[in-house]
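Taking it in order: structure first as structure tokens, then the write-up.
The values are calculated or read from the model by the stated rules, or taken from the named source; none is laboratory data. Since this is a predicted model, take the numbers as computed values, not measurements. For neighbour counting, all protein chains shown are included, and Cβ atoms are generated from backbone atoms with ideal geometry for every residue, glycine included. Keep in mind that these areas ignore ligands, DNA and RNA; they rest on the heavy atoms of the full protein, side chains included. Shrake-Rupley method; radii C 1.70, N 1.55, O 1.52, S 1.80 Å.
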Amino acid sequence: NIASGKLTGTSYTLPAEPLAIAVAPNGKFLYVSTVAGIYLYTIGSNGALTVGNGGSVISQDPANTMQVDSTNNWLVDAISGTNELFAIAINSSTGVLTNNTEQAFPGGLPVTTPTQLVISPNDSSSCNSCYVFVAMGNGGTELINFNPANANPFGNSGGTIKLVNASGGDNTVAVDP
């Protein structure tokens, strides 16, 4: 309970080792990535968590970094050890997947070491000029076009991928909206 400034409430045991967390901008959902996949928790008005989706994973992705976009309609994740970047369509009212199809970034990332991602701008619901920045350790930082209004927010032709920094050692990334 963050209102009281104290940790209170029910504790949950995850079925597998946790890797990353993401909170939806609408404040209603917490996504927890584990080596077994991504789990959903609903966030009550008092800050209390409740297991969502019947306790089952919403995705098999063992994402080591993920974020929900500003429209609350896409959960974007990257998996370490692969060059895969996914956009998972989610229902902004329930937090669960809108269908069982993930949109993969065509062609994948140029390296297999994604460490963190961020979506910008995070204050716009239209996002005509949104981007996903992916920090990839010694692989630098990548900038990828992202449009949440499209059925495939990365686009169907491989999107635009630009190397922002090639000097390496890029383990974190943040963007000023």
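Quick one: in region 83-112, which of the residues that are hydroxyl-bearing (Ser, Thr, Tyr) and within 16 Å of the chain's Cα centre (by Cα) is nearest to Gly54 (Cα to Cα)?
Looking at residues that are hydroxyl-bearing (Ser, Thr, Tyr) and within 16 Å of the chain's Cα centre (by Cα), I get Thr98.
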Report, ordered by the first and then the second residue, all pairs with beta carbons closer than 8 Å, sequence separation of six or more or different chains, a first member in region 28-56 that is of a type in the set (Lys, Arg), and a second member that is open to solvent by 60 Å² or more (accessible area, probe 1.4 Å) and not in a strand (DSSP E or B). none
Just checking, which of Ser33, Ser56 is open to solvent by less than 10 Å² (accessible area, probe 1.4 Å) and among the polar types (S, T, N, Q)? Ser33
Suppose the filter is open to solvent by 10 Å² or more (accessible area, probe 1.4 Å), part of a helix (DSSP H, G or I), more than 20 Å from Ala151 (Cβ to Cβ) and out of contact with any Gly (no Cβ under 7 Å at 6 or more places or on another chain); does Gly27 pass it? no
Tell me which residues, restricted to region 29-54, are of a type in the set (S, T, N, Q) and within 15 Å of Ala78 (Cα to Cα). Ser33, Thr34
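Does at least one position in region 117-133 carry a residue that is farther than 16 Å from Leu19 by Cβ, surrounded by 17 or more Cβ atoms within 10 Å (Cβ to Cβ) and charged (D, E, K, R)?
Within region 117-133, the subset farther than 16 Å from Leu19 by Cβ is 118-133.
So of that shortlist, the ones also surrounded by 17 or more Cβ atoms within 10 Å (Cβ to Cβ) come out as 118-120, 127, 130-133.
So of that shortlist, the ones also charged (D, E, K, R) come out as none.
Within region 117-133, none of the residues are farther than 16 Å from Leu19 by Cβ, surrounded by 17 or more Cβ atoms within 10 Å (Cβ to Cβ) and charged (D, E, K, R).
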